[in-house]
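Peer 1: Following this message is one structure expressed as structure tokens.
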Amino acid sequence: MAKEVMTENEAAIANAVSKTEQFLEKNAKLIWGVLAAAVVVVALAYCGYRFIYMPQKAEALQQMSKAEANFQAGNYELALKGDGNVLGFEEVIAQYGSKAGKSVYLYAAICEMQLGNAESALGYANKYNGKDKTLAARCEALKGDAYVNLSNYAKAAESFKKAAKTSNNLFSAQYLVKAGLAYEAMNQNAEAMACFQQIKDQYPNSVEAVDVDKYITRLEVK
């Protein structure tokens, strides 16, 4: 029987396989050690998630629900500060961070605004990074309200316009009115007019569209 002769390509493959086997044999202990370490890391991460993170998350949600109930009742100070027995949003954030959900920062920001603390409201609002567009727009509008309270109309107009763009629904008209008024406060009448005209053009069925002509007329008189 004729002896089989490997092609150049087959010889190269055989040589590579041989070197791989030699490497595995030489470094078997190291390789198994790395694999064992990886298994331990994964196991610890799983245990941490199941036995530490998840119980804390459940506890955070329980405390959050009590603060939400006070918020819905309109008791903003109790909802924010708590009373020693029931935690407020402020303490929920301090103890659990965002484990109760990202909305905890928005709740806290709204409470601070209701209590007249614009700078504190901005601090919480800037930490909110939820993906829901309606809530994200609400947060931007809240920033705008805070900036108005701080007489920073340029920042206010910027936030209101961003809120309108993020929302992209009938709520946008409300935010555009606020943006227009902020521009008007800075005597930037062309920018204000653009906001009001956008309401007429894009949101004619909104509540704000009914009264927007009075803002336009006022600017035209100016």
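The values are calculated or read from the model by the stated rules, or taken from the named source; none is laboratory data. Worth saying up front: this structure is predicted, and the values here are computed from it rather than measured. Glycine also receives a Cβ, built like all others from the backbone with ideal geometry; neighbour counts cover every protein chain displayed. Ligands, DNA and RNA are stripped out before the accessible areas are found, and what is left, the full protein with its side chains, is counted by its heavy atoms. Shrake-Rupley method; radii C 1.70, N 1.55, O 1.52, S 1.80 Å.
Peer 1: Restricted to the stretch 103-122, and to residues that are out of contact with any Asp or Glu (no Cβ under 9 Å at 6 or more places or on another chain) and in a loop (DSSP other than H, G, I, E, B), which residue is surrounded by the fewest Cβ atoms within 10 Å (Cβ to Cβ)?
Peer 2: Applying the filter and picking the extreme gives Gly116.
Peer 1: What do you reckon, is Lys155 modelled with pLDDT of 95 or more, outside any loop (DSSP other than H, G, I, E, B) and either among the aromatic types (Phe, Trp, Tyr) or closer than 22 Å to Asn117 by Cβ (or both)?
Peer 2: Spelling it out, Lys155 is indeed modelled with pLDDT of 95 or more, outside any loop (DSSP other than H, G, I, E, B) and either among the aromatic types (Phe, Trp, Tyr) or closer than 22 Å to Asn117 by Cβ (or both).
Peer 1: Identify all residues within the stretch 166-190 that are surrounded by fewer than 17 Cβ atoms within 10 Å (Cβ to Cβ), on the phi < 0 side of the Ramachandran plot and at pLDDT below 95; write none if there are none.
Peer 2: Within the stretch 166-190, Asn169, Leu170 qualify.
Peer 1: Could you grab me the full set of residues in the stretch 176-222 that are among the hydroxyl-bearing types (Ser, Thr, Tyr), closer than 21 Å to Ser151 by Cα and under 28 Å from the mean Cα position of the chain (by Cα)?
Peer 2: Residue satisfying the conditions is Tyr183 alone.
Peer 1: Checking the conditions here, which among Val92, Val86 is at pLDDT below 95, of a type outside the set (S, T, N, Q) and open to solvent by less than 20 Å² (accessible area, probe 1.4 Å)?
Peer 2: Testing whether each residue is at pLDDT below 95, of a type outside the set (S, T, N, Q) and open to solvent by less than 20 Å² (accessible area, probe 1.4 Å) leaves just Val92.
Peer 1: Check Thr134 against each of (1) among the β-branched types (Val, Ile, Thr); (2) open to solvent by 60 Å² or more (accessible area, probe 1.4 Å); (3) more than 27 Å from Ala118 (Cα to Cα) and name the one condition it does not meet.
Peer 2: The single condition Thr134 does not satisfy is (3).
Peer 1: For Gln202, only one of the following conditions fails: (1) under 20 Å from Asp213 (Cβ atoms); (2) crowded, with 17+ Cβ neighbours inside 10 Å; (3) of a type outside the set (Val, Ile, Thr). What is its number?
Peer 2: (2)
Peer 1: Pairs needed: first member in the stretch 197-222, over 16 Å from Ala182 (Cα atoms); second member anywhere, among the aromatic types (Phe, Trp, Tyr); C-beta distance under 8 Å; at least 6 residues apart or different chains.
Peer 2: Ala209/Tyr203
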